[in-house]
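> Input: one structure, supplied below.
The values are calculated or read from the model by the stated rules, or taken from the named source; none is laboratory data. The structure presented is a predicted model; accordingly, all values stated were derived computationally and were not measured. Every residue, glycine among them, receives a Cβ derived from its backbone with ideal geometry; neighbour counts consider all protein chains shown. Calculation scope for accessible area: heavy atoms of the full protein, side chains included, ligands and nucleic acids excluded. Shrake-Rupley method; radii C 1.70, N 1.55, O 1.52, S 1.80 Å.
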Amino acid sequence: MSLPSTAPEPLDPPTDRAAGPAGSAVPLPRTATGAAAAELAREASRSAAELLAPPAPIGLGDVVPAPQQVRPDPAADFALTADAVIRVSADPAALAVAEQLAELLRPATGYPLPVTDTARPESTGGIALVLTGDEALGAEGYRLDVTRDGVRIAAAAATGLFHGVQTLRQLLPPAIESRTPAVERWALPGGSIVDRPRFAYRGAMLDVARHFFAVPDVLRVIDHLARYKLNHLHLHLTDDQGWRIAVDSWPRLATVGGVGAVGDSPGGHYSRADYRRIVAYAAERHVTVVPEIDLPGHTNAALVAYPELAPDGIAPPPYTGTEVGFSYVDPANERTYDFVADVLGELAALTPGPLLHIGGDEAFKVKGAAYTGFVERVQRIVADTGKTVVGWHQIAPAAHTDGRVLQWWGTNGEDPATVEAVGRGARLILSPGNHAYLDMKYAPDTPIGHDWAGLIDVRRAYEWDPGTHVTGVPAEAVLGVEAPLWTESVTTLADIELLLLPRLPAVAELGWSSRDSHDWTGFRERLAGHGPRWATAGITFHPSPEVPWPAEPVTPAPADTPLIPAQPASADNPRNPAQPASGVVADPL
Ligand code: TNX
């Protein structure tokens with residue numbers, strides 16, 4: 001999905017949602033004879049197209065994350081033509097998805113694709129998005145049927161329709177990602193898909209504290225999540241180097257604590273309006289924002305702004321390095337809890353999602369009972385806001401509270417404290433540092449990133465099972481997966497994308513697809529088809545030699561865009577001589 005600020009206006013936007021065929025401002029004829037003639041003409045053009053047309057170039061199963069059930073029917077390919085219409089159930093949320101679909105398809109096809117909401121949406125001659133009472137699909141599942149006559153996506157809820165639209169997008173040729181009309185046969189492979197996720201929580205984290213990223217960058221990350229059916233964006237809003245969210249009751253947190261970043265990079269913070277915009281943009285894409293205020297450690301920026309929270313009451317200097325574990329708010333000072341209650345209260349009020357993340361990691365200087373006592377009080381404060389608490393798995397020893405969620409970031413799958421907390425009712429989000437940390441380098445020569453948890457190539461990002469990863473934690477206790485992106489070495493949107501892609505789709509597949517579909521060879525082949533899509537959309541990615549990217553040419557990058565260093569072709573990837581997407585950088589947002 002394009003950002004509103006940069007998306008080109010649809011070509012010839014229909015003024016009337018029931019307007020006529022492409023290029024025509026004339027409504028479809030309403031008489032029976034006229035309608036029959038139009039249908040005849042449509043059938044004739046379809047038959048002619050089929051006589052000349054090769055089969056759809058994409059296979060029905062070539063989707064990431066892998067759908068649960070795929071039944072191809074090669075005789076049922078559908079060609080989207082200029083007169084296609086989108087019909088949708090009469091429901092505001094479903095209608096919004098239909099409009100998003102139209103906005104997705106209009107730039108590249110140049111078709112008007114009028115959207116009509118109706119009590120009984122039909123797919124004939126276009127695409128139907130239908131809300132059904134099919135509870136078997138769950139809140140996020142969908143069914144997609146492609147026949148010669150049209151495409152139908154059915155779901156129990158608008159979220160399922162939205163995910164179905166992401167699948168449909170991947171079944172069209174990569175040129176669908178073009179922001180200007182492309183010459184292409186817009187064929188979809190015939191057959192049906194029935195799909196629903198394995199885990200309810202599928203997310204990524206962006207650290208906006210080490211380096212600050214402006215709102216358009218965050219919106220763009222949300223687009224990437226939505227494309228792969230990820231449904232949570234965790235924002236790491238505070239750390240030693242910067243406080244990134246305005247808090248009315250403690251204004252210096254943002255105005256003083258937000259000025260710096262790692263090195264001499266500029267800081268910044270989100271106003272309440274900025275944050276609301278992020279949350280709303282995410283919600284439109286069926287993504288829930290999970291805000292994190294990291295406590296009691298990782299708080300140097302807060303102490304610079306409010307020294308009264310420091311154990312010695314003295315303001316530390318602003319911190320621009322990358323060490324961890326040295327700062328903390330004073331757990332023995334009542335004022336600390338006023339601060340926590342005010343900050344979390346304001347953030348809860350701004351956040352429609354149910355989760356509030358309190359950090360809890362690497363508080364090396366707050367030990368034992370002081371640490372667990374602090375976490376327990378903060379957990380109660382979160383509960384008082386009506387939200388459910390999430391914390392890094394270090395909070396495991398604290399008492400259980402309703403719904404408590406731990407985020408596992410260990411590297412060896414063993415932690416008795418976590419297992420014990422799960423035994424007391426905690427659920428787990430899996431972010432193993434040595435598989436899911438997107439700030440780890442792919443290879444020794446990756447220009448940015450860390451390697452403290454090892455190198456994480458695409459295969460390593462893919463080859464683990466969230467359901468069995470932590471010894472002693474049953475799959476039922478696993479809420480899902482999240483890929484964190486820490487940003488000590490990440491300074492631009494292109495950096496973010498380089499580390500995200502192509503590993504984010506690997507994590508997305510672990511979160512969405514059933515375990516029996518897990519298959520590295522199949523995954524890397526399906527993933528390969530996304531290189532041309534990203535390149536066409538101007539999205540940077542790492543052209544990993546593990547992935548058999550197609551060698552066909554892609555839309556060239558604008559002349560002034562920096563390129564990511566080319567990866568050598570390798571024996572592992574003989575089909576990669578063409579460097580399909582040597583890091584095309586997006587339009588400035
Ligand atoms: C560990 S993982 C951290 C972060 C760093 C990250 C760098 C975790 C909860 N804490 O503070 O940014 O490593 O990879």
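> Whether any residue in the range 366-378 is in contact with a strand residue (DSSP E or B) (Cβ under 9 Å, 6 or more places away or on another chain) and among the polar types (S, T, N, Q) is what I want to check. So that I can check it myself, show each step before the final result.
Looking only at the range 366-378, we keep the residues that are in contact with a strand residue (DSSP E or B) (Cβ under 9 Å, 6 or more places away or on another chain), and these are 366, 374-375, 378.
Now restrict to residues that are among the polar types (S, T, N, Q): none.
So far as the range 366-378 goes, no, none of its residues is in contact with a strand residue (DSSP E or B) (Cβ under 9 Å, 6 or more places away or on another chain) and among the polar types (S, T, N, Q).
> Mind listing just one residue for me: the one in the range 489-506 that is closer than 27 Å to Pro266 by Cα and of a type outside the set (A, V, I, L, M) and, of those, surrounded by the most Cβ atoms within 10 Å (Cβ to Cβ)?
Looking at the filtered set, the residue picked out is Glu497.
> Let me ask something else about it. Right, Glu376: open to solvent by 10 Å² or more (accessible area, probe 1.4 Å), within 24 Å of Tyr201 (Cβ to Cβ) and within 16 Å of the ligand (Cβ to nearest atom) or not? Steps first, please.
Values: open to solvent by 10 Å² or more (accessible area, probe 1.4 Å): yes; within 24 Å of Tyr201 (Cβ to Cβ): yes; within 16 Å of the ligand (Cβ to nearest atom): no.
No: the conditions fail for Glu376.
> Follow-up. For Thr471, all conditions in the list (1) part of a loop (DSSP other than H, G, I, E, B); (2) within 16 Å of the ligand (Cβ to nearest atom); (3) among the hydroxyl-bearing types (Ser, Thr, Tyr) hold save one; what is the number of the exception?
(2)
> Any residue at all in the range 414-422 that's within 16 Å of the ligand (Cβ to nearest atom) and of a type in the set (Val, Ile, Thr)?
Yes, the conditions are met somewhere in the range 414-422.
> Pairs please, first residue from the range 391-406 and of a type in the set (S, T, N, Q), second anywhere and open to solvent by less than 30 Å² (accessible area, probe 1.4 Å) and more than 16 Å from the ligand (Cβ to nearest atom), Cβ atoms under 6 Å, 6+ apart in sequence or on different chains.
Correct list of pairs: Thr401/Gln379.
> If I go through the range 354-374 residue by residue, how many of them are closer than 14 Å to Thr299 by Cβ and within 27 Å of the chain's Cα centre (by Cα)? Lay out the reasoning, then the answer.
So in the range 354-374, the residues closer than 14 Å to Thr299 by Cβ come out as 358-366, 371, 374.
After this cut, where a residue has to be within 27 Å of the chain's Cα centre (by Cα) as well, the list is 358-362.
The number of residues fulfilling the criteria is 5.
> Scan Asp445, Asp516 and give me the residue that is more than 16 Å from the ligand (Cβ to nearest atom) and over 23 Å from Asn231 (Cα atoms). Lay out the reasoning, then the answer.
Numbers: Asp516 fails: over 23 Å from Asn231 (Cα atoms).
The match here is Asp445.
> Let me ask something else. Quick one: what pairs do we get from the range 420-435, first residue over 14 Å from Ala399 (Cβ atoms), second among the aromatic types (Phe, Trp, Tyr) and more than 16 Å from the ligand (Cβ to nearest atom), C-beta under 6 Å, 6+ apart or different chains?
Ile429/Tyr201; His435/Trp464
> Here's a follow-up. Mind checking which residues of the range 214-269 are of a type in the set (Lys, Arg) and over 30 Å from Arg335 (Cα atoms)?
Going through the range 214-269, the residues of a type in the set (Lys, Arg) turn out to be 220, 227, 229, 244, 252.
Of everything in the range 214-269, those that are of a type in the set (Lys, Arg) and over 30 Å from Arg335 (Cα atoms) turn out to be Arg220, Arg227, Lys229.
> Please determine whether any residue of the range 316-328 is under 24 Å from the mean Cα position of the chain (by Cα) and under 28 Å from Ala436 (Cα atoms).
no
> Here's a follow-up. Got a sec? Which strands (runs of 3 or more DSSP E) wholly within the range 124-186 have at least 1 residues that are under 17 Å from Leu105 (Cα atoms) and basic (Lys, Arg)? Even if it seems obvious, please write down each step before you answer.
Values: elements: 126-131, 142-147, 150-155.
Answer list for the range 124-186: 150-155.
> In the set Arg198, Arg179, Arg210, which member is at pLDDT 95 or above, touching a Gly at 6+ places or on another chain (Cβ under 9 Å) and open to solvent by less than 10 Å² (accessible area, probe 1.4 Å)? Give the derivation first.
Details: Arg198 fails: open to solvent by less than 10 Å² (accessible area, probe 1.4 Å); Arg179 fails: open to solvent by less than 10 Å² (accessible area, probe 1.4 Å).
Only one candidate qualifies: Arg210.
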